[in-house]
Structures are given as structure tokens and as C-alpha cells.
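All remarks here apply to the structure that follows.
The values are calculated or read from the model by the stated rules, or taken from the named source; none is laboratory data. Predicted model, so just to flag it, every value in this text is computed and none were measured. Note that each Cβ is placed from the backbone with ideal geometry, even for glycine, and that neighbours are counted across all protein chains shown.
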Amino acid sequence: MVAPSFADIFFGNCAKNGIVLVRLSFEEVEEIIQYVSENTGAEISVDLGMLILGLGNKKYNFNLLESFANRIRNGWDDIDLTRKHIQKIELFESALQ
């Protein structure tokens, strides 16, 4: 999805579900709407590595938290991220016993 703004909670939830949200200026969004209206079948590409949205011969830079980009790129959910710390979790659990 492309828009000038998104609610923070919506932005975070989309990242958790593998949906890329691209924040662009109002003018850039208007430009994209105009292009897509005039070019049936136009394709938009998103490069998460370079943080670039491509449409026709235009490129739009956008920002995305690295943690969100990694989550989307790798298909990680909250459980996957928790599992990355399994040794620390097990150490903590054993210290409690």
C-alpha cells in the first residue's frame, strides 16, 4: 500500500503480516494515482533492499525500519523473532528453578 501516512498501529501490524506500507509525499502519491489511471496494467515494484518503489521509469525512495524490512523479507513472525533468543530464554528459565 502507498499513502502519505498510516496509523502507527496499522503500520506495525502490516509489517507483522508481511505487508509493505510505503509512505510517500502527497504529491508523489497523486503522481502515482495519475500514472496508474492513465496506464492500465501498470506494475509497481518495491525493492526492500534499496527502499525504492518503481513505477514506469520513475523511482521513489521511501523509509522503512530495518526490523520491519527484515521481518517482511524473511517472513518472520513474533514467534520466529522470539526463537532467536531461545538460549537466553532457557538460561533465564534455568536460573529461576
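Structure summary
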read-out: Answer residue from segment 38-67, given it is in contact with a strand residue (DSSP E or B) (Cβ under 7 Å, 6 or more places away or on another chain) and of a type in the set (Ser, Thr, Tyr) and is surrounded by the most Cβ atoms within 10 Å (Cβ to Cβ) among those; value: TYR60
read-out: When residues of segment 12-26 are limited to those that are assigned to a helix (DSSP H, G or I) and surrounded by fewer than 17 Cβ atoms within 10 Å (Cβ to Cβ), the one modelled with the highest pLDDT; value: PHE26
read-out: Selection from segment 68-91 of residues that are surrounded by 11 or more Cβ atoms within 10 Å (Cβ to Cβ) and either touching a residue at least 60 places away in the same chain (Cβ under 8 Å) or under 9 Å from the mean Cα position of the chain (by Cα) (or both); value: PHE68, ALA69, ASN70, ARG71, ILE72, ARG73, ASP77
